Each structure stands twice: as C-alpha cells, then as structure tokens.
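The values are calculated or read from the model by the stated rules, or taken from the named source; none is laboratory data. Here the structure is a predicted model, which is why all the values come from computation and not from measurement. Note that we place each Cβ from the backbone using ideal geometry, even for glycine, and neighbour counts take in every protein chain shown. Note: areas computed on protein heavy atoms with side chains; ligands, DNA, RNA excluded. Shrake-Rupley method; radii C 1.70, N 1.55, O 1.52, S 1.80 Å.
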Amino acid sequence: MLPGKSQEIILIVTLVGFLFNISWVMSPVKVKESHKGGNKNLQVFILAGQSNMAGNGGVHRQIENGVVTNLSWDGFVPQECKPNPKILRFNAAEKWERAHEPLNYGIDCLRACGLGPGMAFANEILKKDPEFGVIGLVPCAKGGTPLHKWRRGFSPYDSLIRRAKLAVKNGGTIRALFWYHGESDGKAKNTSSLYKKNLDNFFQDLRSDLHAPTLPIFEVIIPYPKEPFVGPYIEEVRAAQLGINLSNVIKIDAEGLELGPDGLHITTPAQVQLGHIFAHAFLRFNNFPFLNRYVLPFNIFS
C-alpha cells in the first residue's frame, strides 16, 4: 500500500460464502447458439492493458547482457484454464471461436504468448454459476504500450473499440472491462506524472465510445516489481491508479502476487489466482455495487 500517497480508504472486506451462491436474472443460452448470428445472451468481457494482461505465465526469457534474446512458452495449461464449450474467444480475425490458451495469441504476440487471467476468470464464473450463459472473451492487450497510446487515434485504443463493437454486432452484452497496465509508465517521471490524467481520460473515452456510461471497469493496481526490472516511478503510478475517482471502477491491488524471474511478469499460478479474483470481484460487484469504491487486496478471496 501507499501510506500518504492516496486519499482512498482501503478497506479489507471479509466475504462469506453466500456471496458466491447467487442467482442471476437471465436466461442461459445453449452452447450451439453461440455460433449463430443472434447471440443475444452472450456475456462479453474485454481484457486490455499490457503484457501481464496479454499473458506471460509460463513464458521463459533468455537474457544476455541485459537484453532478451529468446522467448519461449512452456505450454503448461492448468486445469483452471482448460477450454470449455461455453467460453468463446474473439480471435485476431474478429470471429468467435472456442477459447483456448494462449488467449491473446494473434492479438499481440505469436511466438511467445503465455497464460493470462482470462480463461481462469471465465471458468470460475461458470463454476460459481453454471447457468450464467456463454462467456465471450475479447482480448485486446498490447504488451509494452504506454498509456498515452491508449487514446483516440492510436492503434491500441482504436483496435479495442473496434473489436468490442464487432464482438456484439450480432448480439450480446458487454459486461465489463478488465484492465492491467502501468509498469512501463513507471520507468520515467514524465509518463508517471501524467498517468492519472491519461487513465481518467481513457476510462471516460472508452465508456463514451462504447455508449456504456456505467460500464464496470476492474482496474488492477500494479504490484511493486523486483530486480532485475527497474521502475523508479512505480509508486507514482500506483498512487495515480488508486486516485481514480469514477463510478463503477473497481480496484484490485495485485501487490503480493507471485512475480517471475524477470521481476515484472506474474507467474502462471498468479495468473490463475488473478483470474479467480476477477471472477469473484465481478460477482461481488453485481450483488453489492455500493462497495465498488473500496480497494480489494489480491488475497481477499483466498
């Protein structure tokens, strides 16, 4: 946490089991209907940000003289991330297909995509509520992109808006945005000092362009990195993220999630954990929206 850096009151909420045994007022959709033209019950979630949202779980880096010379994914897919006929992915060709790891393949990376939180999130939602319906995941993350690129007229932002609109062109509802971003902006004073203003603009522009003024946004508060990653202004970025004061922005503090050897990317187990956090936070928000101003520590659902 950041004592003195934010006026946000951080509340550690204790949740009891009944929060997860919820009933939804919506009709489930059969799996075969998800591939037809009218997907009116498709529950769509956007996943955007940098490389930790794109997915680097299980990605190994060969570093020589401080430079990454080779990337490879170990191919391990935990049970929590296995394909499910009720989970779809909006692929790079902008077509719905059965979702599988690596979820962000073709969107941002080809050779060395790894695991992100998306599949673990969707499987956990269906585990808690088997009648939820078909989940459509729209991966839009771009590794290494600074926040000033996530604005109108720049590829990461324009691509997100286009993909989100196309994803529901034939039916469906955009339920939330999951956002994990900030590490690269913590490398320099100029980017970190503008982070709060740029993030506020991004969230508001996105809601405006999607015609969804109350769209729930689940914002990850980035964890402190470790060596060898150098981010001298990470604390300023965290303070900016904590300082966002918009309705329906739910903050999840990722401090404490396991980091890999590069000191930046969270591991496969941590990605699974984050996916579960997203799922529980989404269910919690839909039942208790008045709590959305509080920051959730990553281990609240452990």
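List every residue pair whose Cβ atoms sit under 6 Å apart, with the two residues 6 or more apart in sequence or on different chains, where the first one lies in the range 219-240 and is within 11 Å of His265 (Cα to Cα) and surrounded by fewer than 24 Cβ atoms within 10 Å (Cβ to Cβ) and the second, anywhere, is at pLDDT below 95 and hydrophobic (A, V, I, L, M, F, W, C).
Pro225/Leu264; Phe229/Leu264
Of a type outside the set (Val, Ile, Thr), surrounded by fewer than 20 Cβ atoms within 10 Å (Cβ to Cβ) and at pLDDT 95 or above: does that describe Pro117?
Numbers: of a type outside the set (Val, Ile, Thr): yes; surrounded by fewer than 20 Cβ atoms within 10 Å (Cβ to Cβ): no; at pLDDT 95 or above: yes.
Here the answer is no, as Pro117 does not meet what is asked.
Starting from the range 244-262, keep only residues that are part of a loop (DSSP other than H, G, I, E, B), then list their pairs with residues that are among the basic types (Lys, Arg) and modelled with pLDDT under 95 whose Cβ atoms are within a distance under 8 Å, requiring at least 6 positions of separation or different chains.
What qualifies is Pro261/Arg61; Asp262/Arg61.
If you take the residues in the range 244-302 that are at pLDDT 95 or above and aromatic (Phe, Trp, Tyr), which one is surrounded by the most Cβ atoms within 10 Å (Cβ to Cβ)?
This residue is Phe278.
Residue-wise test of (1) open to solvent by 20 Å² or more (accessible area, probe 1.4 Å); (2) of a type in the set (D, E, K, R).
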| position | (1), (2) |
| --- | --- |
| Arg163 | no, yes |
| Leu166 | yes, no |
| Lys169 | yes, yes |
| Gly172 | yes, no |
| Phe178 | no, no |
| His181 | no, no |
| Lys189 | yes, yes |
| Lys197 | yes, yes |
| Leu215 | no, no |
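Considering (1) open to solvent by 50 Å² or more (accessible area, probe 1.4 Å); (2) modelled with pLDDT of 95 or more, say which one Pro28 fails and leave the rest.
(2)
Checking Gly58 against (1) at pLDDT 85 or above; (2) open to solvent by 40 Å² or more (accessible area, probe 1.4 Å), which single condition isn't satisfied?
(2)
Only one of these is touching a Leu at 6+ places or on another chain (Cβ under 8 Å), of a type in the set (D, E, K, R) and free of Cβ contacts under 8 Å to residues at least 60 places away in the same chain: Asp158, Asp200, Asp209, Asp205. Name it.
Numbers: Asp158 fails: touching a Leu at 6+ places or on another chain (Cβ under 8 Å); Asp209 fails: touching a Leu at 6+ places or on another chain (Cβ under 8 Å); Asp205 fails: touching a Leu at 6+ places or on another chain (Cβ under 8 Å).
Being touching a Leu at 6+ places or on another chain (Cβ under 8 Å), of a type in the set (D, E, K, R) and free of Cβ contacts under 8 Å to residues at least 60 places away in the same chain holds for just one of Asp158, Asp200, Asp209, Asp205, which is Asp200.
Would you confirm whether any residue within the range 100-122 is of a type in the set (Val, Ile, Thr), part of a loop (DSSP other than H, G, I, E, B) and within 17 Å of Phe178 (Cα to Cα)? Before you say what the answer is, go through the steps one by one.
Quick first cut of the range 100-122, residues of a type in the set (Val, Ile, Thr) only: 107.
Okay, now just the ones that are also part of a loop (DSSP other than H, G, I, E, B), so 107.
Filter once more, so that each one left must be within 17 Å of Phe178 (Cα to Cα): 107.
Yes, the range 100-122 contains a residue that is of a type in the set (Val, Ile, Thr), part of a loop (DSSP other than H, G, I, E, B) and within 17 Å of Phe178 (Cα to Cα).
Quick check on the range 232-242. Is at least one of its residues modelled with pLDDT under 95 and either over 18 Å from the mean Cα position of the chain (by Cα) or not charged (D, E, K, R) (or both)? Step through it out loud before you land on a result.
Let us first name the residues in the range 232-242 that are modelled with pLDDT under 95, namely none.
Taking every residue of the range 232-242 in turn, none turns out to be modelled with pLDDT under 95 and either over 18 Å from the mean Cα position of the chain (by Cα) or not charged (D, E, K, R) (or both).
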